[in-house]
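Structure first, commentary second.
The values are calculated or read from the model by the stated rules, or taken from the named source; none is laboratory data. Nothing here was measured: the structure is a model prediction, and the numbers come from that model. Neighbour counts run over all protein chains shown; Cβ positions are idealised from the backbone, glycine included.
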Amino acid sequence: MTALDEVSLGVILLIIGGVCTGMQGPMNGRLAISTSGSFSAFLSFALGFWPLLIYFLADTKGGKTVDWPNAARNAPGYAWLGGVFGGIFVLILTLVIHRRGAAITNGIIVVTQLIISVVIDQAGAFDTTQRDCTGLRGGGLACMIVGIALVTLF
């Protein structure tokens, strides 16, 4: 068991991630006003590269603990495309947030992420653990959709 398997640490890290996501959009959006959406999104990934590189080097002892031939051979093609979706996400967020506001923009993103996540769980897609969309899960989605509608309309 690693430290990341501890529920409390995982929750703390997820909360920090939520704060970072909530702050990233308005910051990137503000930079886009002064420069351009494409530059702001690019810079976000360029600056984000460094903490990721530092963690990667520390986590893998400079890449030595990764079995590179097997990783390349065994990972399905779609597994290599996550960064493409991340880049599209950051670009869209950067272009929209100052036109719609942080609460509406992030609310729609969170609800959409939850919906697609339930669909992925239901299908067991991308080698995730299959979890049925029960009535309670569907009810939770409905509450989230109503919540974002209220935030958007009022």
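Annotations for the structure displayed:
- Qualifying residue in the stretch 101-117 (condition: at pLDDT 90 or above and either more than 20 Å from the chain's Cα centre (by Cα) or among the charged types (D, E, K, R) (or both)): no
Rundown of residues vs (1) under 14 Å from the mean Cα position of the chain (by Cα); (2) surrounded by 10 or more Cβ atoms within 10 Å (Cβ to Cβ); (3) among the hydroxyl-bearing types (S, T, Y); (4) part of a helix (DSSP H, G or I), yes/no style:
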position: S8; (1), (2), (3), (4): no, no, yes, yes
position: P26; (1), (2), (3), (4): no, yes, no, yes
position: F39; (1), (2), (3), (4): no, yes, no, yes
position: F42; (1), (2), (3), (4): no, yes, no, yes
position: L52; (1), (2), (3), (4): no, yes, no, yes
position: Y55; (1), (2), (3), (4): no, yes, yes, yes
